[in-house]
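Undergrad: Just dropping this structure here.
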Amino acid sequence: MKNNVTPIHARQNSARPEMAGIPNNERIIIFDTTLRDGEQSPGASMSVNEKLRIALALEDMGVDVIEAGFPVASEGDFQSVSLIAGQVRNAVVCGLSRAHKTDISRAWEALAKAERPRIHTFISTSPLHMKYKLQMEPEQVYEKVIESVTHARNLCDNVEWSAEDGSRTELEFLARCVEAAIKSGATTINIPDTVGYAVPDEFAARISYLMNNVPNIDQAIISVHCHNDLGLAVANSLAAVRAGARQIECTINGLGERAGNAALEEIVMAMRTRQDYFGYGNNVKAETITKLSHLVSSVTGFVVQPNKAIVGANAFAHESGIHQDGVLKHAATYEIMTPESIGLNRSNIVLGKLSGRHAFREKLAELGYELGDNALNDAFIRFKALADSKRQIFDEDLIALMGEQSRQDGNRIKFLRLAVTCGSEGPQRAELELEIDGDRLRMAANGNGPVDATFNAVREIFPHAARLQLYQVSAVTAGTDAQAEVTVRLEENGKTVIGQSAHPDTLVASARAYVHALNKLLIKRQKTEPMAMGA
Ligand code: KIV
Ligand code: ZN
């Protein structure tokens, strides 16, 4: 038994090259899996272009590793990993694979253009998963660990191995598998709490056990990957850091399977705000958190709950008189972090109809959006159209507008035009024009109200069997001229997708949100659910 785990902090680990900024022994590696585990959230699917946009923003944010997808899962996943690998230069780009040689080789193919590739291979190690999911004996799994990691390491010198359901794996067996994986060439060992079952002390003890009982543990980085089924993903990840873990896997807004993964923004801000306690830093530029949160929310259609830590709309709002009074006297009385530290600015610039391109660019920059000339032109045209129908443009309007812009790229179905007849006399009727794979198609339909008529018209133009599970409207800001933000959830063969849109006309937003959901469905249809494939 090694007597304690502290020396790992000081060890120079060959698996972890020095990077500019915080010295290695004081830095936690931030591994973002929004594009892989995040996309496994029921309803969240992203197009190849949307994934690329998020990957570039994550790189800009300073995350160390971007898990770009699961290349064997679908042609779309392969393409997005390949595209991201070709464009991300600073962050490590990682592709996930099961323990099969063919999966691993496919991941490697997708990573061909990466400057800093990583193959991530996993297999279940818990008694439950081995018996029922894999139908394999522990010794067979053990051999598979060696075979899969050896194969991955023959292709790539940066290999991560994960013990799926690691938090429910027998400790001795886990330690044997970890030792074998490191011996076979794994440079990062990831211990997932796949089902969100762990609690902080127990999970930390598991990491300590590995630190103390795996003889070659100093030749790899220990990583954790926690799910949030009991709301403990962030607490478990941070407890694991105290026990020696040096990589945390997380997602923007805590997106992910079921109740999600540990939220990146919570991990980063907890380590920053309580540096005194944790003593470690990371390379993430916290000021980009708000921008990434908005981007991921608008691309996936997953609305962030108002009381969500760090990025919820109320996270920095003070309603009670006592709190407001305290904050006015000294912000630190009730604020443990400043809104500015996550890129949420208390703005001075208010935009309106007469605002010019320069003010618009400044305002977007203030909100965290740096656009190239073409994207700025497109956004400015949309802004002018919005300003024509709305007196004052608030930050929320611009965030919604940018979300709308990010949803347009690469869609097979595009909204062109909608005219609706409605009112007390009926019948309610919608005339809709869409573009599908470049062809313009127009149809009219009646319905039980204007929304029903609009959705019937969509179904006339693009027949499909998906069921509408949710239709929800909220106002982006106050006022009767506020934009309506519409969320639509569709279900087809057990797969759900979410579409979103914002527009001053509720019916236009409704049609667009439905079309957005249909585009997601087209992506989803091509995809085999990774976890359904077994390991
Ligand atoms: O939750 C999990 O176990 C995973 C692994 C594939 C790392 O996502
Ligand atoms: Zn996971």
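The values are calculated or read from the model by the stated rules, or taken from the named source; none is laboratory data. Since the structure is predicted, the reported quantities are computational estimates derived from the model, not experimental observations. When we count neighbours, we look across all protein chains shown, and the Cβ atoms used for this are built from the backbone with ideal geometry, even at glycine. Ligands, DNA and RNA are excluded from the accessible area calculation, which covers all protein heavy atoms including side chains. Shrake-Rupley method; radii C 1.70, N 1.55, O 1.52, S 1.80 Å.
Undergrad: Among the residues of the range 514-527, what is the count of those that are within 30 Å of residue 481 (Cα to Cα) and either open to solvent by 10 Å² or more (accessible area, probe 1.4 Å) or under 20 Å from the mean Cα position of the chain (by Cα) (or both)? Spell out the reasoning first.
TA: In the first step, residues of the range 514-527 are kept if they are within 30 Å of residue 481 (Cα to Cα); the result is 514-520.
Then keep just the ones that are either open to solvent by 10 Å² or more (accessible area, probe 1.4 Å) or under 20 Å from the mean Cα position of the chain (by Cα) (or both); that gives 516-517, 519-520.
Residues that pass the stated criteria total 4.
Undergrad: Condition check: in contact with a helix residue (DSSP H, G or I) (Cβ under 6 Å, 6 or more places away or on another chain), within 15 Å of ligand 1 (Cβ to nearest atom) and more than 24 Å from residue 292 (Cα to Cα). Does residue 203 satisfy that?
TA: yes
Undergrad: Output yes when any residue across the range 340-356 is of a type in the set (Asp, Glu), crowded, with 17+ Cβ neighbours inside 10 Å and touching a Lys or Arg at 6+ places or on another chain (Cβ under 9 Å), and no when none is. Talk me through it step by step, then tell me what you get.
TA: Keep residues of the range 340-356 that are of a type in the set (Asp, Glu), which gives 340.
Restricting the remaining residues to those that are crowded, with 17+ Cβ neighbours inside 10 Å gives none.
No, the conditions are met nowhere in the range 340-356.
Undergrad: I'm trying to understand the selection: among the residues of the range 217-246, which are farther than 16 Å from residue 178 by Cα, small (Gly, Ala, Ser) and either within 12 Å of ligand 1 (Cβ to nearest atom) or not assigned by TED's automatic domain parsing to the domain that holds residue 64 (or both)?
TA: 233
Undergrad: A further question follows. How many residues, within the range 116-144, are under 29 Å from residue 85 (Cβ atoms) and more than 28 Å from the chain's Cα centre (by Cα)? Break it down into steps so the answer makes sense when it comes.
TA: Initially, the range 116-144 is screened for residues under 29 Å from residue 85 (Cβ atoms), giving 116-125, 144.
Restricting the remaining residues to those that are more than 28 Å from the chain's Cα centre (by Cα) gives 144.
Residues that pass the stated criteria total 1.
Undergrad: Just one of (1) open to solvent by 60 Å² or more (accessible area, probe 1.4 Å); (2) within 24 Å of residue 44 (Cα to Cα); (3) in a strand (DSSP E or B) trips up residue 463, so point out which.
TA: It is condition (3) that residue 463 fails.
Undergrad: Among the numbered criteria (1) open to solvent by 20 Å² or more (accessible area, probe 1.4 Å); (2) among the aliphatic types (A, V, I, L, M); (3) away from ligand 1 (no atom under 16 Å from the Cβ), which single criterion is violated by residue 211?
TA: (1)
Undergrad: Kindly indicate whether residue 185 is crowded, with 18+ Cβ neighbours inside 10 Å, assigned to a loop (DSSP other than H, G, I, E, B) and either more than 16 Å from ligand 1 (Cβ to nearest atom) or among the basic types (Lys, Arg) (or both). First the steps, then the outcome.
TA: Numbers: crowded, with 18+ Cβ neighbours inside 10 Å: yes; assigned to a loop (DSSP other than H, G, I, E, B): yes; either more than 16 Å from ligand 1 (Cβ to nearest atom) or among the basic types (Lys, Arg) (or both): yes.
Spelling it out, residue 185 is indeed crowded, with 18+ Cβ neighbours inside 10 Å, assigned to a loop (DSSP other than H, G, I, E, B) and either more than 16 Å from ligand 1 (Cβ to nearest atom) or among the basic types (Lys, Arg) (or both).
Undergrad: Listed residues 477, 496; which is assigned to a loop (DSSP other than H, G, I, E, B), closer than 16 Å to residue 303 by Cα and at pLDDT below 90?
TA: Being assigned to a loop (DSSP other than H, G, I, E, B), closer than 16 Å to residue 303 by Cα and at pLDDT below 90 holds for just one of 477, 496, which is 477.
Undergrad: Here is a follow-up. If you go through the range 200-246, how many residues are in a strand (DSSP E or B) and among the hydrophobic types (A, V, I, L, M, F, W, C)? Walk me through how you get there before you give the answer.
TA: Filtering the range 200-246 down to residues in a strand (DSSP E or B) leaves 221-227.
Subset that is among the hydrophobic types (A, V, I, L, M, F, W, C): 221-222, 224, 226.
Here the count works out to 4.
Undergrad: For the range 49-61, what are the residues that are open to solvent by 10 Å² or more (accessible area, probe 1.4 Å) and touching an Asp or Glu at 6+ places or on another chain (Cβ under 9 Å)?
TA: Answer for the range 49-61, where residues must be open to solvent by 10 Å² or more (accessible area, probe 1.4 Å) and touching an Asp or Glu at 6+ places or on another chain (Cβ under 9 Å): 49, 53, 60.
Undergrad: Then there is this: Does the range 62-105 hold any residues that are farther than 27 Å from residue 287 by Cα, open to solvent by 10 Å² or more (accessible area, probe 1.4 Å) and part of a helix (DSSP H, G or I), and which are they?
TA: Within the range 62-105, the first condition is being farther than 27 Å from residue 287 by Cα, and the residues that meet it are 70-79, 82, 95-105.
If we keep only those that are open to solvent by 10 Å² or more (accessible area, probe 1.4 Å) as well, we get 72, 74-76, 78-79, 82, 98, 100-102, 105.
Answer for the range 62-105, where residues must be farther than 27 Å from residue 287 by Cα, open to solvent by 10 Å² or more (accessible area, probe 1.4 Å) and part of a helix (DSSP H, G or I): 72, 75, 76, 78, 79, 82, 101, 102, 105.
Undergrad: Further question on the same structure: Go through 234, 224 for me and flag whichever is open to solvent by 10 Å² or more (accessible area, probe 1.4 Å), among the β-branched types (Val, Ile, Thr) and closer than 26 Å to residue 253 by Cβ.
TA: Values: 224 fails: open to solvent by 10 Å² or more (accessible area, probe 1.4 Å).
Result of the check over 234, 224: 234.
Undergrad: A further question follows. Would a scan of the range 19-32 turn up a residue that is more than 16 Å from ligand 1 (Cβ to nearest atom), modelled with pLDDT under 95, in a loop (DSSP other than H, G, I, E, B) and touching a helix residue (DSSP H, G or I) at 6+ places or on another chain (Cβ under 6 Å)?
TA: No, there is no match, as no residue in the range 19-32 is more than 16 Å from ligand 1 (Cβ to nearest atom), modelled with pLDDT under 95, in a loop (DSSP other than H, G, I, E, B) and touching a helix residue (DSSP H, G or I) at 6+ places or on another chain (Cβ under 6 Å).
Undergrad: Moving on. Look through 315, 245 and report the one residue that is closer than 27 Å to residue 65 by Cβ, among the small types (Gly, Ala, Ser) and at pLDDT 95 or above.
TA: Working: 315 fails: at pLDDT 95 or above.
Exactly one residue qualifies, and that residue is 245.
Undergrad: Same structure again: Among the listed residues 273, 251, 300, 288, which satisfies the condition of being away from ligand 2 (no atom under 16 Å from the Cβ), open to solvent by less than 10 Å² (accessible area, probe 1.4 Å) and not aliphatic (A, V, I, L, M)?
TA: Being away from ligand 2 (no atom under 16 Å from the Cβ), open to solvent by less than 10 Å² (accessible area, probe 1.4 Å) and not aliphatic (A, V, I, L, M) holds for just one of 273, 251, 300, 288, which is 300.
Undergrad: So, one more: Give all pairs with beta carbons closer than 9 Å in which a residue from the range 231-242 that is more than 10 Å from residue 204 (Cα to Cα) meets a residue that is open to solvent by 40 Å² or more (accessible area, probe 1.4 Å) and in a helix (DSSP H, G or I); count only pairs at least 6 apart in sequence or on separate chains.
TA: Going by the 9 Å Cβ cut-off, the qualifying pairs are 233/266; 234/266.
Undergrad: Right, residue 137: acidic (Asp, Glu) and within 16 Å of ligand 2 (Cβ to nearest atom) or not? Before you say what the answer is, go through the steps one by one.
TA: Details: acidic (Asp, Glu): yes; within 16 Å of ligand 2 (Cβ to nearest atom): no.
Against the criterion (acidic (Asp, Glu) and within 16 Å of ligand 2 (Cβ to nearest atom)), residue 137 does not qualify.
Undergrad: Still on this structure, please answer the following. Given the conditions (1) open to solvent by less than 40 Å² (accessible area, probe 1.4 Å); (2) over 19 Å from residue 34 (Cα atoms), and given that residue 322 satisfies all but one, which numbered condition is not satisfied?
TA: Unmet condition: (1).
Undergrad: Working carefully through the options 133, 144, find the one that is open to solvent by 50 Å² or more (accessible area, probe 1.4 Å) and either more than 14 Å from ligand 1 (Cβ to nearest atom) or outside any strand (DSSP E or B) (or both). Don't jump to the end; show me each part of the working.
TA: Details: 144 fails: open to solvent by 50 Å² or more (accessible area, probe 1.4 Å).
When all the criteria are applied, what remains is 133.
Undergrad: Within the range 252-285, work out how many residues are of a type in the set (Phe, Trp, Tyr) and either without any contact (Cβ under 8 Å) to a residue 40 or more places away in the chain or in contact with a Leu (Cβ under 6 Å, 6 or more places away or on another chain) (or both).
TA: First pass over the range 252-285, keeping only residues of a type in the set (Phe, Trp, Tyr): 277-278, 280.
When the remaining residues are screened for being either without any contact (Cβ under 8 Å) to a residue 40 or more places away in the chain or in contact with a Leu (Cβ under 6 Å, 6 or more places away or on another chain) (or both), the result is 277.
Summing the residues that are of a type in the set (Phe, Trp, Tyr) and either without any contact (Cβ under 8 Å) to a residue 40 or more places away in the chain or in contact with a Leu (Cβ under 6 Å, 6 or more places away or on another chain) (or both) in the range 252-285 gives 1.
Undergrad: Next question. Let me confirm something: among 257, 249, which residue is within 16 Å of ligand 1 (Cβ to nearest atom), among the charged types (D, E, K, R) and part of a loop (DSSP other than H, G, I, E, B)? Full working, then the answer.
TA: Working: 249 fails: part of a loop (DSSP other than H, G, I, E, B).
Of the residues listed, the single one that is within 16 Å of ligand 1 (Cβ to nearest atom), among the charged types (D, E, K, R) and part of a loop (DSSP other than H, G, I, E, B) is 257.
Undergrad: Please go through (1) within 15 Å of ligand 1 (Cβ to nearest atom); (2) touching a Cys at 6+ places or on another chain (Cβ under 9 Å); (3) in a helix (DSSP H, G or I) for residue 108 and return the number of the only condition it doesn't satisfy.
TA: All conditions are met except number (1).
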